[in-house]
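A short worksheet on the structure shown next.
The values are calculated or read from the model by the stated rules, or taken from the named source; none is laboratory data. All figures in this text were calculated on a predicted structure; none of them were measured in a lab. Positions of Cβ are backbone-derived with ideal geometry, glycine not excepted, and every protein chain shown enters the neighbour counts. Note: accessible area is taken over every heavy atom of the protein model, side chains too, but ligands, DNA and RNA are not part of it. Shrake-Rupley method; radii C 1.70, N 1.55, O 1.52, S 1.80 Å.
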Amino acid sequence: MLIELKTEGELAVMRAAGKVVADALRAAREGAEVGTSLRELDEIAAQVLRVEGAKSSFLHYHPRSAPAPYPAVLCTSVNDAVVHGVPTGYRLRDGDLLSIDFGAEVDGWHGDAAMSFVVGTPDERDLDLIATTERALAAGIAAAVPGARLGDLGHAIGEIGRAAGYGLVADHGGHGIGRAMHEAPHVPNEGSPGRGMRLREGMVLAIEPMLTAGGRDDYRTAEDGWTMHTADGSRAAHAEHTVAITADGPRVLTVP
Ligand code: MF3
Ligand code: CO
C-alpha cells in the first residue's frame, strides 16, 4: 500500500480544493429549504464549481463496486439514507434529516467533505444524532497527529458513537485523499488503540463517521446502485473533513 506524503506546496493546492468544497456545501445547505428538490441542490453545488473554476470529484466516478458511474456532483442522503444518496426530484419536507457530501478537484488535487442537518423543524433525536456524529468527527480529527496510529483514530471515532448507543455503518469509513479522491489507507471508524498503520506528517485523510440511530451496523444499497440505506430504516448522519497530518497537528483543509 503506497502512501504519497504531500509537500507544503501540494497541501496549499489541496487547501484550495477544500475551500471550494466548503463553499459548495455552505451554498447547498443554505438552499435546502422545505420544498427544495435534491436536484436543485446539486445544481447549486455545480454552480459553485463553475464560479470557482474547479472540477467535480464525484461526477462520473465509477469504482468497481458500483454498477454505474455516479451521476451528480453532490450526494444528498435523506433520513434513512446514510451516504451516496443520488439527487432526484424529491422535494425536502419539514423535519427531514439531510446529509450532503461534496468533492472538488483543483489542479489535480482533491478535497472531500460532508455535513448533516435538519430541514425545517428539528426533532431532538435527530439533533442528538447529528451532534454525536460531529463529536465523533472532531475526536477523529484530534487523533490525526504524527506518530499516532490508525487504530487510535478509529477508536476515538467509534467510542463516541457506541457510547451513545448508535450504530456505525459496517465496512465503510474514511480514506486517504490527494491526486485521487480515494487513496490508501482505508480509515476505519472503529479501531484498537496502538494498532494499525502509523500516521506520518504529510499524510492527508478524509475522516468520515456515519452513525445510525437504530444502533445497527448493516445497510442495503438502493436500486440506483449508489444510495446506501440503514437496514432497519432508522435515520443516519454523516460528517466528513479532509485533514492533513502536520508537525503542528491536524490541519482541516475543507473549511471556507
Ligand atoms: N465522501 C464520499 C466517499 O468517500 C464521497 C463519494 S461520492 C461518490 O465515499 F459518489 F462519488 F462516490
Ligand atoms: Co469521502
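For this structure, a couple of remarks:
- Candidates Ala206, Ala231, Ala236, Ala148 - the one that is farther than 30 Å from Gly89 by Cα and either aliphatic (A, V, I, L, M) or in contact with a strand residue (DSSP E or B) (Cβ under 9 Å, 6 or more places away or on another chain) (or both): Ala148
- Considered as a group, the residues in the range 66-84 that are under 16 Å from the mean Cα position of the chain (by Cα) and among the small types (Gly, Ala, Ser) include one that is nearest to Ile100 (Cα to Cα), and that residue is Ser77.
- Residues located in the range 20-43, provided they are within 19 Å of Leu97 (Cα to Cα) and buried (at least 21 other Cβ atoms within 10 Å of the Cβ): Ala24, Leu25, Ala28, Ala32, Leu38, Leu41, Asp42
- Figure legend. Inter-residue proximity from the range 169-188: first residues within 11 Å of ligand 1 (Cβ to nearest atom), second residues in a loop (DSSP other than H, G, I, E, B) and of a type in the set (A, V, I, L, M, F, W, C), beta-carbon distance below 8 Å, spacing 6+ or different chains. Indicated pairs: His175/Met181; Gly176/Ile3; Gly176/Met203; Met181/Phe58; Glu183/Ile3; Glu183/Ile177.
- Residues in the range 206-225 that are surrounded by fewer than 22 Cβ atoms within 10 Å (Cβ to Cβ) and of a type in the set (A, V, I, L, M, F, W, C): Ala222 only.
- Selection count where residues are in contact with a His (Cβ under 8 Å, 6 or more places away or on another chain) and either open to solvent by 50 Å² or more (accessible area, probe 1.4 Å) or in a strand (DSSP E or B) (or both), scope the range 189-205: 4
- Close pairs from the range 216-237: first without any contact (Cβ under 8 Å) to a residue 60 or more places away in the chain and among the hydrophobic types (A, V, I, L, M, F, W, C), partner open to solvent by 20 Å² or more (accessible area, probe 1.4 Å) and more than 16 Å from ligand 1 (Cβ to nearest atom), Cβ under 7 Å, at least 6 apart: Ala231/Arg216; Ala231/Asp218; Ala231/Arg220
- The residues of the range 84-120 that are more than 16 Å from ligand 1 (Cβ to nearest atom), in contact with a Lys or Arg (Cβ under 7 Å, 6 or more places away or on another chain) and farther than 22 Å from Thr212 by Cβ, listed by number, are Gly89, Gly108.
- Within the range 25-44, being out of contact with any strand residue (DSSP E or B) (no Cβ under 6 Å at 6 or more places or on another chain) and hydroxyl-bearing (Ser, Thr, Tyr) holds for one residue alone: Thr36.
- When each of Ser57, Ser77, Ser37 is tested for being without any contact (Cβ under 8 Å) to a residue 60 or more places away in the chain and among the polar types (S, T, N, Q), the lone residue that passes is Ser37.
- Any hit, the range 128-137, residues being away from ligand 2 (no atom under 16 Å from the Cβ), among the polar types (S, T, N, Q) and either under 24 Å from Ala16 (Cβ atoms) or within 19 Å of the chain's Cα centre (by Cα) (or both): yes
- Check on Ala17, under 22 Å from Ala184 (Cα atoms), surrounded by 22 or more Cβ atoms within 10 Å (Cβ to Cβ) and of a type in the set (Gly, Ala, Ser): yes
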